[in-house]
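Asks: Once you've had a glance at the structure underneath, I'll fire off some questions.
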Amino acid sequence: MTRRTLQTGATGTLGSALRPRLRDAGHGVVAASRSPPTGGGTDVEWAAMDLIDGTGIRDAVADVDVVVHAATAPQGDTEAVDVRGTERLLEAAADAGVSNFVYVSIVGVDEIPYSYYERKLTAERAVAESPVPSTIVRATQFHSFVRDVLETIARVPIWPLPTGIRLQPIAVDEAAAAIADYATSEAGGRAPAVGGPEILTVRDLAETYRDVRGLRRPIVRLPLPGKVAAGFRSGAACCPDRTVGTTTWKAWLEAEHRDRLAADAKR
Ligand SMILES: NC(=O)c1ccc[n+]([C@@H]2O[C@H](COP(=O)([O-])OP(=O)(O)OC[C@H]3O[C@@H](n4cnc5c(N)ncnc54)[C@H](OP(=O)(O)O)[C@@H]3O)[C@@H](O)[C@H]2O)c1
C-alpha cells in the first residue's frame, strides 16, 4: 500500500529537493504550501495550509501516515510559524493517528543562543513531548544558504566577515536524501545529524566563493562579540562525526557557476 506523507514547506529549498525523493521512494506525497501551484503539471498532490492561522492543517493531515515538517519562517514570524504552527500541526497529527512526525531541525540549536535557533529548539521539545511518535533530524547549513549570504556582500569592494565562524555546509539534495530515509512508518526518536563533507571557516568559504566567481575582493575580519558568534566559532553548528554529504563547497560552487554561465549564454 502506498504510504501517504504530508510534506510541509514543500515549496522551500529543502522541500523542493525532498518532494521528488519522497515520490520516487513510493510515498503518496501531499505537498503543503500557503500558495500551492495552480494549473496542474505537478507530480504530487498539493494542499493549501497556513501554519499561522491554521488554515487547511486538519484537512491536510487527515489521512496521512507520515508528516515531514520542513516549513519554517526564519525571517518572518518564527514564533507563530515554527513554534505555534508546529504545535498546531502536532495536535492535528495526534488526532489523525500519524505514525511518524519527522521534524527537520538544525545542528547547534541547543548550543547557540540565536533567536531563530531558540525557537527551533522549543519546537523540537514540543515534537519530542507530543504523543505523536516522532523523528527529529538536525542538518547543517545548505550550500545554497551560504551562497545566498555571501551574495549579499558580493558587490561590496571589501568584505568584512566574521572569518572565524565554522560551518559544515551540505548540498541540499544530499540532505534531502538522508532526511527522506527517515520518512518511514516507524519513528526514530532523535536521529543522527546530517552534515556536509568538510568543516570550513567563513574565511575559507568566502575565499573559495571569491575564486570560483573570479572576483578580487579583500576579506577583512569583522569581530563579532557575543555568545551567538562564539557558539558558531566554537564549531557548535557542525557535526564532525556525521559527514553524510560528499559534495564539497568548492565542487558545488563550481557546478553552480558552470550552470549559471551556460544559462547566461543561452539568453
Ligand atoms: N536553509 C538551511 O541552510 C537549513 C539548514 C539546516 C536545517 N534547515 C531546516 O530545514 C527546514 C527547511 O528550511 P528551508 O531553508 O528549506 O526553508 P525555506 O526555503 O525558507 O522554505 C520555507 C518553507 O516554509 C513554508 N512556510 C513559511 N511560512 C509558512 C506558513 N505560515 N504556513 C505554512 N508554510 C509556511 C514556505 O511555503 P510557502 O511560502 O509556499 O507557504 C516554504 O515552503 C527548516 O526546518 C530549517 O530550519 C535549513
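The values are calculated or read from the model by the stated rules, or taken from the named source; none is laboratory data. These figures come from a predicted structure and were not determined experimentally. FYI the Cβ positions are ideal-geometry reconstructions off the backbone, even for glycines, and counts take in every protein chain you see. Quick note on the areas: whole protein, heavy atoms, side chains included, nothing else; ligands and nucleic acids left out. Shrake-Rupley method; radii C 1.70, N 1.55, O 1.52, S 1.80 Å.
Asks: Would you pick out the residues in region 2-18 that are away from the ligand (no atom under 12 Å from the Cβ) and open to solvent by 10 Å² or more (accessible area, probe 1.4 Å)?
Replies: Thr2, Arg3, Arg4
Asks: Still on this structure, I have one more. Yes or no: region 131-139 includes at least one residue that is open to solvent by 10 Å² or more (accessible area, probe 1.4 Å) and within 15 Å of the ligand (Cβ to nearest atom).
Replies: Yes, region 131-139 has at least one match.
Asks: Is there any pair with a first residue in region 194-222 that is closer than 15 Å to Ser144 by Cβ and part of a helix (DSSP H, G or I) and a second that is open to solvent by less than 50 Å² (accessible area, probe 1.4 Å) and among the β-branched types (Val, Ile, Thr) whose Cβ atoms are under 6 Å apart and which are 6 or more apart or on different chains, and what are they?
Replies: Close Cβ pairs satisfying both conditions: Leu205/Val146.
Asks: State yes or no: is Ala80 modelled with pLDDT of 95 or more and surrounded by fewer than 19 Cβ atoms within 10 Å (Cβ to Cβ)?
Replies: On the way: modelled with pLDDT of 95 or more: yes; surrounded by fewer than 19 Cβ atoms within 10 Å (Cβ to Cβ): yes.
The answer is yes for Ala80.
Asks: A follow-up question, please. Which condition does Ile112 not pass, out of (1) more than 11 Å from the ligand (Cβ to nearest atom); (2) under 20 Å from Thr5 (Cα atoms); (3) hydrophobic (A, V, I, L, M, F, W, C); (4) crowded, with 21+ Cβ neighbours inside 10 Å, if it passes all the others?
Replies: (2)
Asks: Let me ask another. Identify the residue in region 19-44 that is touching a helix residue (DSSP H, G or I) at 6+ places or on another chain (Cβ under 7 Å) and under 19 Å from Leu89 (Cα atoms) and, among all such residues, is nearest to the ligand (Cβ to nearest atom). Outline the logic, then answer.
Replies: Pass one, region 19-44, residues touching a helix residue (DSSP H, G or I) at 6+ places or on another chain (Cβ under 7 Å): 21-22, 25, 29-32, 43-44.
In the following step, the residues that additionally are under 19 Å from Leu89 (Cα atoms) were identified as 29-32.
Values: Val29: 14, Val30: 13, Ala31: 9, Ala32: 6 Å.
Among residues in region 19-44 that are touching a helix residue (DSSP H, G or I) at 6+ places or on another chain (Cβ under 7 Å) and under 19 Å from Leu89 (Cα atoms), the one nearest to the ligand (Cβ to nearest atom) is Ala32.
Asks: Of all residues being hydrophobic (A, V, I, L, M, F, W, C) and open to solvent by 20 Å² or more (accessible area, probe 1.4 Å) in region 140-153, which is farthest from the chain's Cα centre (by Cα)? Just the residue, please.
Replies: It comes out as Ile153.
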